[in-house]
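For reference, the structure discussed in these notes is given below.
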Amino acid sequence: MRVYVPLTLTGLAEAHKEGELGPAPLTAYAVTPVLREWYVSDDIEELEYAALTRAAQASLRLLAVSPQTQRRRVVVAVDVPDGQAVADPDLGLDQSSLGEVRLTVPVPLARAAAVHVDSADAEPDVAAAAEALGAADLGDDDAQFTVDGAEDHELMWYATQEIPNLIE
């Protein structure tokens, strides 16, 4: 099963140093039955993109609570055995948890298929979005507009061999 683990560049550097994503349990995003039901699509590429987008939103939340971290969203795409990614059926169709799964064990970074990271030109918008996230959560429409501005930036695809260059 392909899962998308939200991180920051600092978290990616730690994972690279340790050789694994952990400690468990880890929050990740995947194509779950609930995500399929919400997205109403059978196109696996669209569903995978939706899961990736959910992970990017979670990465933004990590940035919001870590003001010293470089303002770039990071998502690691990892292949894990189905039993290691567990969806909580009690979450239902709650918008904030669509596609959310828990990884029950640390995952070797060698299982990573790719890394998705914001480009440098996205940093000002991502920084503004991280700053506005709390107000957006409280219903501020202007803050939500700012948060949505970060989503206008597509995450760049990197091969796992490029991780050392990303964390320098």
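Quick notes on this one:
- Here's the picture: a label point sits 7 Å out from the Cα of residue 140 along the beta-carbon direction, and within the range 38-67 the residues with their amide nitrogen under 18 Å of it are 60-67.
- Dipole magnitude (debye, nearest 20) for the range 1-91, charges at Cβ of Lys, Arg, Asp, Glu: 600 debye
- Global geometry of the range 47-168, whether rounded, prolate or oblate, following the gyration tensor of its Cα atoms and the 1.5 cut on a/c: oblate
- Note on residue 148 and residue 113: the model spin-label points, each 7 Å out from Cα along the C-beta direction, lie 3.0 nm apart.
Coordinate-derived values only; no laboratory data. The structure presented is a predicted model; accordingly, all values stated were derived computationally and were not measured. With ideal geometry, Cβ positions are generated from the backbone for all residues, glycine too; neighbour counts draw on all protein chains shown.
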